[in-house]
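Since the structure comes first, as structure tokens, the remarks are kept for the end.
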Amino acid sequence: MEIPSELRQLLHFPQNVAIFSHRNPDGDAIGSSLAMRHYLEQYGHTVHVLFPSEYPEEFEFLPASGEILIWDIHTEECKHVLDKKNMFIFLDFNALNRIDKMGDYVKNLPGKRILIDHHLYPEPMADFEFSETSASSTCELVYRFITGMGDGQKINPTVGACLYTGIVTDTGSFKHATNSTVFRIAADLVERGVDDTAVQDRIFNSQKVKNLRLLGHCLVNRMEYLPEYRTAFIWLTRKDYEDFDIQRGDTEGIVNYLLTIREVKLAAFIHNQPTIVKLSLRSKGDLDVQAICRAHFNGGGHRNAAGAYSHEGLKATIQKFKDMLPQYKAELLK
Ligand code: 5GP
Ligand code: MN
């Protein structure tokens, strides 16, 4: 990756840096943010990581995850920290509304802005933009940023474990969005001391008994299959949230089970969160769920994994989802 000399020079002097990632942070959001923090600190920069909302428990093993500031919880502290910053780094998102109210706050602060991301259609929001939609993950791009700086030797086991986390989660353990570069990067991370088995163990073998019971409930009682559209979806009500004591991150990955049905091309998970209805869409092949989320639900993401929010209630949102399927029938049956 080519790093502009202006940015190189800036990074060679201590800066006061804020790193941001998106609401409902996933492995790539938290992995890229913490990797960047642990990298920049080796230059003597002062770095804080800020997220709009909490991250799932399985990522608590990543060094310094406990120091991440959550806007929803530590709003005043976030503002206080942000007021002193002169550099803002946006990782794994490309529109300021993805960091909610924190975006409104940051918009008005002076400082250089850097964006590193792999989602489609970036908003113009940074002085230095590294946006590659063909990248497997933001972690892949952060790896290439660090090596582009000539700093491969700064990828120690801590930085490496963070980077590996984002790569392994965003590729579904190297099942999709892979490319030859990402396998080379993974190999290099292992050579630099990352215990890949241990990282995968921490992330994926971290379920609680209630998570498996919830999964059973989803598959037996909450799954609908529409063979005429090669579509399956799962929905959850607010009562399900109470009955199964669903906390942040507990529903992560459930949508992927639908894709394991051979005929299914489109999978959706539609669930009633406290104030909104959240949709997670996944697809196989050329079917572009990013375009569907964008066109019908004001969301976005990637071709095969995208999400959105709705304020119309669970029933209405499910109906809207079903009603738009005929428009895509040709693509779904291709
Ligand atoms: P998930 O369904 O796992 O929440 O998200 C899948 C992908 O879509 C992720 O890359 C995520 O960043 C993106 N995404 C999820 N929700 C939204 C949304 O409301 N708006 C946009 N633009 N992207 C989203
Ligand atoms: Mn990502």
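Which condition number in (1) within 20 Å of Y164 (Cα to Cα); (2) surrounded by 19 or more Cβ atoms within 10 Å (Cβ to Cβ) is the one that V47 fails?
It is condition (1) that V47 fails.
With the requirement that a residue be over 14 Å from N97 (Cβ atoms), within 16 Å of ligand 2 (Cβ to nearest atom) and touching a residue at least 60 places away in the same chain (Cβ under 8 Å), what does region 111-130 give you?
I116, H118, L120, F130
Output the number of residues of region 9-33 satisfying the condition of being more than 9 Å from ligand 1 (Cβ to nearest atom), under 9 Å from G166 (Cβ atoms) and of a type outside the set (S, T, N, Q).
The qualifying residues number 3.
(1) assigned to a helix (DSSP H, G or I); (2) hydrophobic (A, V, I, L, M, F, W, C); (3) out of contact with any strand residue (DSSP E or B) (no Cβ under 8 Å at 6 or more places or on another chain): which one isn't true of I73, the others all being true?
(1)
Confirm whether K154 is open to solvent by 20 Å² or more (accessible area, probe 1.4 Å) and within 26 Å of Q273 (Cβ to Cβ).
Numbers: open to solvent by 20 Å² or more (accessible area, probe 1.4 Å): yes; within 26 Å of Q273 (Cβ to Cβ): no.
No.
Here's the yes/no breakdown for (1) of a type outside the set (S, T, N, Q); (2) within 12 Å of I116 (Cβ to Cβ); (3) touching a residue at least 60 places away in the same chain (Cβ under 8 Å):
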position: L141; (1), (2), (3): yes, yes, yes
position: F145; (1), (2), (3): yes, yes, yes
position: G148; (1), (2), (3): yes, yes, yes
position: T158; (1), (2), (3): no, no, yes
position: G166; (1), (2), (3): yes, yes, yes
position: G172; (1), (2), (3): yes, no, yes
position: H176; (1), (2), (3): yes, no, yes
position: T181; (1), (2), (3): no, no, no
position: R184; (1), (2), (3): yes, no, no
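Would you say V264 is within 16 Å of ligand 2 (Cβ to nearest atom), open to solvent by less than 10 Å² (accessible area, probe 1.4 Å) and free of Cβ contacts under 8 Å to residues at least 40 places away in the same chain? Steps first, answer last, please.
Working: within 16 Å of ligand 2 (Cβ to nearest atom): no; open to solvent by less than 10 Å² (accessible area, probe 1.4 Å): yes; free of Cβ contacts under 8 Å to residues at least 40 places away in the same chain: yes.
For V264, the condition - within 16 Å of ligand 2 (Cβ to nearest atom), open to solvent by less than 10 Å² (accessible area, probe 1.4 Å) and free of Cβ contacts under 8 Å to residues at least 40 places away in the same chain - is not met.
Restricting attention to region 78-91, does a residue exist that is open to solvent by less than 50 Å² (accessible area, probe 1.4 Å), assigned by TED's automatic domain parsing to the domain that holds T133, within 16 Å of ligand 1 (Cβ to nearest atom) and in contact (Cβ under 8 Å) with a residue 12 or more places away in the chain? Give the steps one after another, and end with the answer.
Of all residues in region 78-91, those open to solvent by less than 50 Å² (accessible area, probe 1.4 Å) come to 78, 81-82, 85, 87-91.
The next check asks that each one be assigned by TED's automatic domain parsing to the domain that holds T133; those that pass are 78, 81-82, 85, 87-91.
The next check asks that each one be within 16 Å of ligand 1 (Cβ to nearest atom); those that pass are 90-91.
Those left that are additionally in contact (Cβ under 8 Å) with a residue 12 or more places away in the chain: 90-91.
Within region 78-91, one or more residues are open to solvent by less than 50 Å² (accessible area, probe 1.4 Å), assigned by TED's automatic domain parsing to the domain that holds T133, within 16 Å of ligand 1 (Cβ to nearest atom) and in contact (Cβ under 8 Å) with a residue 12 or more places away in the chain.
The values are calculated or read from the model by the stated rules, or taken from the named source; none is laboratory data. These figures come from a predicted structure and were not determined experimentally. FYI the Cβ positions are ideal-geometry reconstructions off the backbone, even for glycines, and counts take in every protein chain you see. These accessible areas exclude ligands, DNA and RNA; they are computed on the full protein's heavy atoms, side chains included. Shrake-Rupley method; radii C 1.70, N 1.55, O 1.52, S 1.80 Å.
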